[in-house]
Amino acid sequence: MNGPRDAPWRAWSPGVRVVVRRRRDDLPADGGTLGEPPYTDVLGDLLAVDDAGLTVRTRGGDVHVPAADVLLGKVVPPAPVRRPRPAPPV
């Protein structure tokens with residue numbers, strides 16, 4: 001099993017698109033309420049990687065994920081090009 005120092009995400013280069021599964025930081029210390037998932041995914045462009053963790057630019061803004069909260073992660077393909085919406089019928 002990989003330890004925090006040799007986690008694969010530490011070798012990622014800024015600019016790649018990634019998805020990171022992390023522990024949620026918005027739940028109470030006792031683990032939250034029943035039915036609340038303890039993890040969430042962060043998807044976006046990698047801005048920075050250091051000993052403290054990583055920073056990902058998502059559609060909602062920049063998200064810092066502390067190293068201790070990273071469970072899994074991988075590099076993913078670029079986002080698909082968004083198609084324009086068709087004009088409403090006249």
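Name the single residue that is modelled with the lowest pLDDT among those in the stretch 1-51 being in contact with a helix residue (DSSP H, G or I) (Cβ under 8 Å, 6 or more places away or on another chain) and either farther than 18 Å from Lys74 by Cα or of a type outside the set (A, V, I, L, M, F, W, C) (or both). Let's see the steps before the verdict.
Kept after step one, since they are in contact with a helix residue (DSSP H, G or I) (Cβ under 8 Å, 6 or more places away or on another chain), are these residues of the stretch 1-51: 2, 4, 7, 18, 20, 22-23, 25, 49, 51.
Those left that are additionally either farther than 18 Å from Lys74 by Cα or of a type outside the set (A, V, I, L, M, F, W, C) (or both): 2, 4, 22-23, 25, 51.
Values: Asn2: 44, Pro4: 57, Arg22: 95, Arg23: 89, Asp25: 78, Asp51: 91.
Ranking the qualifying residues of the stretch 1-51, first place goes to Asn2.
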Problem set entry | Residues of the stretch 69-90 satisfying the condition of being among the small types (Gly, Ala, Ser) and farther than 13 Å from Val20 by Cβ | Ala79, Ala87
Exercise. Out of all the residues in the stretch 35-90, which are charged (D, E, K, R), surrounded by 10 or more Cβ atoms within 10 Å (Cβ to Cβ) and in a strand (DSSP E or B)?
Worked result: Asp41, Asp45, Arg57, Asp62, Lys74
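The values are calculated or read from the model by the stated rules, or taken from the named source; none is laboratory data. Here the structure is a predicted model, which is why all the values come from computation and not from measurement. Cβ coordinates were reconstructed from backbone atoms using ideal geometry, including for glycine residues, and neighbour counts include every protein chain displayed.
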